[in-house]
1. Looking at ASP86, is it free of Cβ contacts under 8 Å to residues at least 24 places away in the same chain, open to solvent by 40 Å² or more (accessible area, probe 1.4 Å) and closer than 30 Å to GLN206 by Cα?
2. Please find, within the stretch 210-232, the residue that is nearest to SER138 (Cα to Cα) out of those that are touching a Pro at 6+ places or on another chain (Cβ under 8 Å) and in a loop (DSSP other than H, G, I, E, B).
3. Kindly evaluate VAL149 against the criterion of being assigned to a helix (DSSP H, G or I) and open to solvent by 70 Å² or more (accessible area, probe 1.4 Å).
4. Only one of GLU241, GLU254, GLU316 is open to solvent by less than 40 Å² (accessible area, probe 1.4 Å) and at pLDDT 95 or above; which?
5. ALA31 - would you say it is out of contact with any helix residue (DSSP H, G or I) (no Cβ under 7 Å at 6 or more places or on another chain) and at pLDDT 95 or above?
6. Only residues that are at pLDDT below 95, of a type outside the set (Ser, Thr, Tyr) and open to solvent by 20 Å² or more (accessible area, probe 1.4 Å): list them for the stretch 279-312, please.
7. Given the conditions (1) more than 16 Å from the chain's Cα centre (by Cα); (2) within 24 Å of MET165 (Cβ to Cβ); (3) open to solvent by 20 Å² or more (accessible area, probe 1.4 Å); (4) not charged (D, E, K, R), which single one is not true for SER273?
8. Is there any pair with a first residue in the stretch 64-80 that is farther than 12 Å from PHE104 by Cα and open to solvent by 10 Å² or more (accessible area, probe 1.4 Å) and a second that is of a type in the set (D, E, K, R) and in a loop (DSSP other than H, G, I, E, B) whose Cβ atoms are under 8 Å apart and which are 6 or more apart or on different chains, and what are they?
Amino acid sequence: MANAKAAPLGLHLSHPDAKPAVTAGLMAPIANACNVADGIDELTTAEELANWLAKAGGPHFDPVGDVQLARVGHELVGYAWTDWVDTTDGLREYRLGGHVHPEFQRRGIGTRLLRWGEEHSRQHLASHPSELPAVFGSWASERRIAKLVMLEKEGYAPARWFFEMLRPNLDDIDLPPMPVGLEVRPLGGDPVVWRQLLTADAEAFQDHWGGFVADDAEFAEWTHSPSFEPSLFVVAWDGDEIAGAVENSIPKAENVQFARARGWLDSVFVRRSWRRRGLGAALVARALGVLRDAGMTEAMLGVDSDNPTGALGLYERAGFTVHARSKAFRKSMSS
């Protein structure tokens, strides 16, 4: 199964066997070296990875078995992971991701990790069968040329484009009125209300392409993330119901690394019953104001290029332009 001829002598794969913080400290430099090599201005922190690796084993992702480390001798040179979701377009999708340090790329390690992910996913499907058609999924920025070449060589086909959009300043924010009957209120510090927000977010994204996991393991990872700061969220309420929200975050370490003051609109959603009333535009504008008040000078968000609710146009009207593009890929598991 492995590309033994291309892989370097001494390559071996294993699951993480150390404390999450230790493993994360070895993984983060690999991800960041890949970002530098590919011209991607993002920073992966060891704290973020440790939180991910400490995730309680749930049905969709278990770091004990669903992460694979690649070493040459005693040196960690790459890693891969898998998870799965039942998608809104009627598929069981096993998602495969990973990184190989640039100094060890083009030696077959990435291909070997990808094929491990495929085999691991087949084993998972065999033990947890589904009546849905099964596919492999992956993704890559258009700047990750080596990964794009590998995915296409291994039979993956582009399925969707996603954009990262940037508003380069937070001046002159036009503040539309809130729809009648709705109000913005602080989310507060109650984990029960946080759970209500995640559930509302997942429900709203059932109308979008892909899939959204909102189980207890996902909730724990989200709320323990170093960037989780509910005071930055903008939540619209209709009585006790959440109508929509923008979940902001500020990646402090990344901003220091790149000498900027950028905030993220991590998730923007309006639930179906409250759409077509201008709530999305009202929430985005208020979210930009929150980031500005927190000292940010620019804002970023991600969007599906074919979003069915018109989000792309909403963001363009709010002053965002496309900054980077990524592709989602799929490959049938029966091929």
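1. On the way: free of Cβ contacts under 8 Å to residues at least 24 places away in the same chain: no; open to solvent by 40 Å² or more (accessible area, probe 1.4 Å): yes; closer than 30 Å to GLN206 by Cα: yes.
Against the criterion (free of Cβ contacts under 8 Å to residues at least 24 places away in the same chain, open to solvent by 40 Å² or more (accessible area, probe 1.4 Å) and closer than 30 Å to GLN206 by Cα), ASP86 does not qualify.
2. By that ranking, first place goes to ASP215.
3. Values: assigned to a helix (DSSP H, G or I): yes; open to solvent by 70 Å² or more (accessible area, probe 1.4 Å): yes.
For VAL149, the condition - assigned to a helix (DSSP H, G or I) and open to solvent by 70 Å² or more (accessible area, probe 1.4 Å) - is met.
4. On the way: GLU241 fails: open to solvent by less than 40 Å² (accessible area, probe 1.4 Å); GLU316 fails: open to solvent by less than 40 Å² (accessible area, probe 1.4 Å).
Sole residue among the options that is open to solvent by less than 40 Å² (accessible area, probe 1.4 Å) and at pLDDT 95 or above: GLU254.
5. Details: out of contact with any helix residue (DSSP H, G or I) (no Cβ under 7 Å at 6 or more places or on another chain): yes; at pLDDT 95 or above: yes.
Criteria met by ALA31.
6. ASP306, ASN307, PRO308, GLY310, LEU312
7. Checking SER273 against (1) more than 16 Å from the chain's Cα centre (by Cα); (2) within 24 Å of MET165 (Cβ to Cβ); (3) open to solvent by 20 Å² or more (accessible area, probe 1.4 Å); (4) not charged (D, E, K, R), the one that fails is (2).
8. Within 8 Å, no pair qualifies.
The values are calculated or read from the model by the stated rules, or taken from the named source; none is laboratory data. None of these values were measured; they are calculated from a predicted model. Here Cβ is always computed from backbone atoms with ideal geometry, including for glycine, and neighbour counts include all displayed protein chains. Only protein heavy atoms, including side chains, enter the accessible area calculation; ligands, DNA and RNA are left aside. Shrake-Rupley method; radii C 1.70, N 1.55, O 1.52, S 1.80 Å.
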